[in-house]
Each structure stands twice: as C-alpha cells, then as structure tokens.
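> Have a look at the structure that comes next, please.
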Amino acid sequence: YQCSVPGCLKSYSWASGLSNHTQSIHFRRKHFCDVPGCLKLFSSSSGLYRHQRIAHQGRRYDCGVPGCLQSYPSTWMLSIHQQTIHEKQGFHCAIPDV
C-alpha cells in the first residue's frame with residue numbers, strides 16, 4: 001500500500017499501516033492525554049493508550065533482587081533492567097563480522 005501524498009515514498013504491507021501513517025504524518029491527527037496536568041500528545045491512539053497505562057495507572061513492578069530498589073511501570077522494562085544489570089546480558093548483533 002503506497003502513500004498517495006505527492007513526494008511521500010512510504011509504503012506498507014497492510015492497509016492499516018498506511019492509514020496510521022496518513023493520519024499521523026500528513027493529517028497530523030493528535031491524541032491528547034486527558035489526565036489533568038499531563039500535557040502529552042501522541043500521533044496514534046495506541047501510543048496514547050500505552051502512555052496512560054504506564055504513566056497514570058500507577059502499577060509498578062519491583063526488581064526483586066535483594067538490595068535493588070528499582071521498579072518499573074511495565075514487565076518489559078523490568079525484564080530489560082534485570083537482563084542488563086543483574087544478568088549482564090548485553091545485546092549483541094547476530095551477524096558475524098566480515
């Protein structure tokens with residue numbers, strides 16, 4: 001699915017991707033957080049939903065490693081912390097050097 005806006009070369013495998021692109025880039029449709037005092041805005045409703053869930057629902061996931069006081073708003077962020085800090089797992093490129 002090719003974007004039909006003159007000069008835009010974006011293309012997508014799915015119609016929904018093209019629709020999201022058109023709305024957020026060319027029509028500049030914005031989604032505002034409606035929590036009082038929060039001035040965040042997003043180009044997609046999914047971005048707004050993720051923000052509200054993480055920033056405003058208040059649930060935190062504690063690290064659990066003795067002596068570590070870190071907590072995170074999502075299990076994904078907690079997992080990254082545990083892998084990089086406590087398990088010392090870096091992220092390495094799988095493509096061998098040439």
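> Could you tell me which of the residues 47, 64 is more than 30 Å from residue 4 (Cβ to Cβ), surrounded by 11 or more Cβ atoms within 10 Å (Cβ to Cβ) and of a type in the set (Gly, Ala, Ser)?
Numbers: 47 fails: more than 30 Å from residue 4 (Cβ to Cβ).
64 is the lone residue from the list that is more than 30 Å from residue 4 (Cβ to Cβ), surrounded by 11 or more Cβ atoms within 10 Å (Cβ to Cβ) and of a type in the set (Gly, Ala, Ser).
Residues checked against (1) under 30 Å from residue 16 (Cβ atoms); (2) free of Cβ contacts under 8 Å to residues at least 12 places away in the same chain:
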| site | (1), (2) |
| --- | --- |
| 42 | yes, no |
| 47 | yes, no |
| 58 | no, yes |
| 76 | yes, yes |
| 80 | yes, yes |
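> Step by step: first the residues of the stretch 6-27, then only those that are assigned to a helix (DSSP H, G or I) and open to solvent by 70 Å² or more (accessible area, probe 1.4 Å), then the one that is modelled with the highest pLDDT. Which residue is that? Talk me through it step by step, then tell me what you get.
Of all residues in the stretch 6-27, those assigned to a helix (DSSP H, G or I) come to 15-26.
Applying the additional criterion that residues be open to solvent by 70 Å² or more (accessible area, probe 1.4 Å) yields 16, 20, 25.
Values: 16: 89, 20: 81, 25: 77.
Here the answer is 16.
> Moving on to the next point. If you check 52, 2, 57, which single one turns out to be polar (S, T, N, Q) and surrounded by 13 or more Cβ atoms within 10 Å (Cβ to Cβ)? Please lay out each step first, then the result.
Details: 2 fails: surrounded by 13 or more Cβ atoms within 10 Å (Cβ to Cβ); 57 fails: surrounded by 13 or more Cβ atoms within 10 Å (Cβ to Cβ).
From the options 52, 2, 57, the qualifying one is 52.
> Determine which member of the set 85, 95 is aliphatic (A, V, I, L, M), outside any helix (DSSP H, G or I) and open to solvent by 70 Å² or more (accessible area, probe 1.4 Å).
Just a single option satisfies the conditions, and that option is 95.
The values are calculated or read from the model by the stated rules, or taken from the named source; none is laboratory data. Keep in mind that what you see is a predicted model, and the values were worked out from it rather than measured. No Cβ is skipped: glycine too gets one built from the backbone with ideal geometry, and neighbour counts run over all protein chains shown. For accessibility, only protein heavy atoms count, side chains too; no ligands or nucleic acids. Shrake-Rupley method; radii C 1.70, N 1.55, O 1.52, S 1.80 Å.
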